[in-house]
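To start, the structure under review is shown below, and the notes come after it.
The values are calculated or read from the model by the stated rules, or taken from the named source; none is laboratory data. Treat the numbers as computed from the prediction; the structure is a model and nothing was measured. Here the Cβ positions follow ideal geometry from the backbone for every residue, glycine too, while neighbour counts run over all protein chains shown. Surface accessibility is based on the protein's heavy atoms, side chains included, excluding ligands, DNA and RNA. Shrake-Rupley method; radii C 1.70, N 1.55, O 1.52, S 1.80 Å.
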Amino acid sequence: MEVIILDSLDEAGELAAGAIADLVRRKPDAVLGVATGSSPLSVYAALGRRVADGRLSLARARAFTLDEYVGLPADHPERYRAVIERDLVAQVDLDPAAVHSPDGTAEDLPAACEAYEQALAAAGGVDLQLLGIGTDGHIGFNEPGSSLASRTRLKTLTAQTRRDNARFFDGDVDAVPHHCLTQGIGTIMAARHVVLLAGGEAKAEAVHQLVEGAVTSMWPGSALQLHPHVSVLVDEAAASRLRLAPYFRETWTGKPDWQGL
Ligand code: F6R
């Protein structure tokens, strides 16, 4: 696991977008794993700038979202399908038909989860997975106690996550769904490269547990310690509880450019 402490999430966004650009140069039809929420916004903005000035094309790339709320009407603006279309697809040249998400409106939710796993497998798996992390340590919507081997399935959101996400529902926690479909931790671990972004003091404990805690389902992000290629991009506030921060700074300062993420 490589931990990079940066001045801002904007810098993190540039780095992550650079890694995606390198990947797409090598493999134009790469499979991107995309997250919703605040953390990846700087990545999507940086990708948008690269596409706009002709440095990058995502026209042949494919994308899979991490998760989706259950119980929101199909036309709700906070459905993650709608969020990813607004935050990412509208800014780049991705084909909307190449963007996949679990179907939170399905009658048969277990079948929708199984279909999503099959679609991921048929696409050849995720090349680069963008992640945020919840204040309670969740990745995707794998809340504390989630199986570290889990695959896409129905989960119940914690009260803490619903409070955190109320900001997307005009501050009304009662409007935040209780349930979601999410890629499991096992699904996320199958991605070939994981790039996690976290900013702000509220994420400091989750980042500490992810990087320096024991591997435990109580801090689901800690499972990433078992993944061979993880880049953790954090701002100073999110890094504020890292005991190894001086080491991570020294490592990043000495890293040659050609190595990339
Ligand atoms: C989003 C997702 C979540 C978020 C996490 C952090 O698709 O799966 O794990 O990444 O809740 O959210 P933000 O970035 O809004 O703080």
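Brief remarks follow.
- Number of residues in the stretch 140-175 that are at positive phi and touching an Asp or Glu at 6+ places or on another chain (Cβ under 8 Å): the value is 1.
- Verdict on H100 being within 16 Å of the ligand (Cβ to nearest atom) and farther than 18 Å from S39 by Cβ: yes
- Test set (1) out of contact with any Asp or Glu (no Cβ under 9 Å at 6 or more places or on another chain); (2) of a type outside the set (A, V, I, L, M, F, W, C); (3) open to solvent by less than 40 Å² (accessible area, probe 1.4 Å) - D93 fails condition number: (3)
- Extreme residue, least open to solvent (accessible area, probe 1.4 Å), among residues of the stretch 5-39 that are under 23 Å from G124 (Cβ atoms), part of a loop (DSSP other than H, G, I, E, B) and more than 16 Å from the ligand (Cβ to nearest atom): A30
- Qualifying residue in the stretch 68-80 (condition: open to solvent by 20 Å² or more (accessible area, probe 1.4 Å), at pLDDT 95 or above, away from the ligand (no atom under 13 Å from the Cβ) and of a type in the set (K, R)): no
- Residue ranges of strands (runs of 3 or more DSSP E) in the stretch 115-217 with at least 2 members more than 12 Å from the ligand (Cβ to nearest atom) and either hydroxyl-bearing (S, T, Y) or open to solvent by 40 Å² or more (accessible area, probe 1.4 Å) (or both): 153-156
- Residue within the stretch 48-59 that is within 14 Å of the ligand (Cβ to nearest atom), in contact (Cβ under 8 Å) with a residue 24 or more places away in the chain and not small (G, A, S) present: no
- Tally of residues being touching a helix residue (DSSP H, G or I) at 6+ places or on another chain (Cβ under 6 Å) and open to solvent by 40 Å² or more (accessible area, probe 1.4 Å) across the stretch 218-235: 1
- Test result for A238, open to solvent by less than 70 Å² (accessible area, probe 1.4 Å), in contact with a Lys or Arg (Cβ under 7 Å, 6 or more places away or on another chain), part of a loop (DSSP other than H, G, I, E, B) and touching a residue at least 24 places away in the same chain (Cβ under 8 Å): yes
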